[in-house]
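The values are calculated or read from the model by the stated rules, or taken from the named source; none is laboratory data. Keep in mind it's a predicted model, so treat the numbers as computed, not measured. Note: ideal-geometry Cβ built from the backbone for every residue, glycine included; neighbour counts use all protein chains shown. Quick note on the areas: whole protein, heavy atoms, side chains included, nothing else; ligands and nucleic acids left out. Shrake-Rupley method; radii C 1.70, N 1.55, O 1.52, S 1.80 Å.
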Amino acid sequence: MRKFFSNPAVRETLRVIIAVSIALALGFLVTLFVSEDPFGAYKAFLLGPLSKFNRFGDWIEESITLILVGLSVAIAFRANMFSMGTEGQLLLGALVSGSIALFVPLPTILRIPLAIAAAMAAGFIWGWIPGYLKAHLDANEIVSTLMLNAIALKMYDYFLIFHIKAPDAGYNASDFFPVEGSLPSFIPNIPIFERAYALFSDKTNITIMVYVLIIAVIAAYYLIYRTPFGYKLRMVGANIKFARYGGIDTKKTMILVFAISGIFGGLAGAHLSMAIHTKLIANISVGMGFEGIVVAILAKINPLLIPITGLAYGYLRAGANVMERSSDMSREMIFVIQALIILFVTAERFLPTIQKRVEERKENNSHAEKIAPSDGGSHEV
């Protein structure tokens, strides 16, 4: 049994389970104080995403976006580059792909690949800029990417309001994309899958981006761990001076790290515009790019674990939405519960600290037993 629990994978799984359990318990205590029906509210939070098919769809749709932005962040973080620019890359990816989906008169088989490729290119270019600034001007990547996010947001709003929005529209949004410019369901529209296709098409917006996501996860892992560029990326992240002395072109590597991470951010934008909303809207992403940081950290920057953490975090967000709509819990208190869960799960020393305290207590008890006088013993002064 001790050998089983000494396995690193088992210990990490156990740490996460304990951390989530304690965080959920604390979250329930918070709910007890602020809700008139704490059990109903917490039930909506824990089981809401599975209670209806459309809510299940909301969970998967949000998770796809979270996984893509998580991959974007992970590539930069693996090179020890703290990029905060995924939000801007996402916005421009949504803008470019949405514009093509709406205005370019091509058949579906050409328009959708073109829109997705354009979103990836937009993310690549927007990621290249802070990479160049970091490599050649030693600009702080956190500051430069945050400033570029603000520029991307203003660009998105400008083109949406003054060039894309219909003149008679009552709010800042484009027309709905035509069928040729919207991503189709991931279920093929063939007779054998007719019922499943109808169900998923009517109740959810789960599209072929599922297959794009699978390819993206495999590509990110292969890029980081199975290519010469991935080796350079990891060497730069481990020790940039050592990488430079070893003959690696660190400036070129830094630029490409930021640019390639932007590809995944652009894909996330295409998913928001062409799958979830099927139109361009104001505030299409309310901080979704920054949520990728949480997803990547929870996965320890491992591309193969990011789908798991993305689904888990997406479930939390979907459950929070159900809880807010079906109970008296305010959104702010729901954020508190989410934050508790994330804080406990990301506490690297959580389980080791508990284990250390238990072992120290055992040692102290054992020591006390050894020095305690035996029964019936006499002691003279």
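Mean separation of Cα pairs under 8 Å and 6 or more residues apart, divided by the residue count, gives the stretch 59-326 a relative contact order of 42 percent. Need one word for the stretch 71-190: rounded, prolate or oblate. Basis is the Cα gyration tensor (sqrt eigenvalues a ≥ b ≥ c); a/c below 1.5 gives rounded, then a/b vs b/c decides. Oblate is the answer for the stretch 71-190, as a/c is 1.5 or above yet b/c matches or exceeds a/b. Helix 141-159 axis versus longest C-alpha principal axis of the chain: approximately 40°, rounded to the nearest ten.
Taking 33, 193, 176, 28 and ordering them by how much accessible surface each has at a 1.4 Å probe, largest first, produces 33, 176, 193, 28.
How do the peptides 227-234, 297-304 rank, highest first, by the average count of neighbouring beta carbon atoms within 10 Å per residue?
297-304, 227-234
For the stretch 45-86 versus the stretch 175-194, the inter-centroid distance based on Cα atoms is 23 Å. Placing unit charges on the Cβ atoms of the charged side chains and taking the dipole of the chain about its Cα centre, the candidate lying farthest along the positive direction among 179, 322, 45 is 179. The share of accessible area on the chain that comes from carbon and sulfur is 65 percent, using a 1.4 angstrom probe.
Rounded to the nearest 20, the size of the Cβ-charge dipole of the stretch 59-326 about its Cα centre is 900 debye, with Lys and Arg at +1 and Asp and Glu at -1. Report note on the peptides 184-190, 263-269: ranked by the mean count of other C-beta atoms within 10 Å, highest first, their order is 263-269, 184-190. The long axis of helix 38-51 is offset from the longest Cα principal axis of the chain by roughly 50 degrees.
Using the rule -39500 (n - 2.57) for each DSSP H run of four or more residues, divided by the residues of the chain, the 222 nm mean residue ellipticity is -24000 deg cm²/dmol. Note on exposure: 158, 245, 42, 221 ranked by accessible area (1.4 Å probe, complete protein assembly) read 245, 158, 221, 42, with the most exposed listed first.
Judged by the gyration tensor of its Cα atoms, with axes a ≥ b ≥ c, the stretch 146-305 is oblate; a/c meets the 1.5 cut and b/c is at least as large as a/b. Since only 306, 28, 188 are under comparison, the one whose Cα sits farthest along the positive direction of the charge dipole of the chain, derived from C-beta charges on Lys, Arg, Asp and Glu, is 306.
From most to least packed by mean Cβ count within 10 Å, the peptides 120-129, 81-90 give 81-90, 120-129.
Please say if the stretch 59-326 is rounded, prolate or oblate, where rounded means a/c under 1.5 for a ≥ b ≥ c the square roots of the C-alpha gyration tensor eigenvalues, and otherwise the choice is prolate for a/b larger than b/c and oblate otherwise? Prolate, since a/c reaches 1.5 and a/b exceeds b/c.
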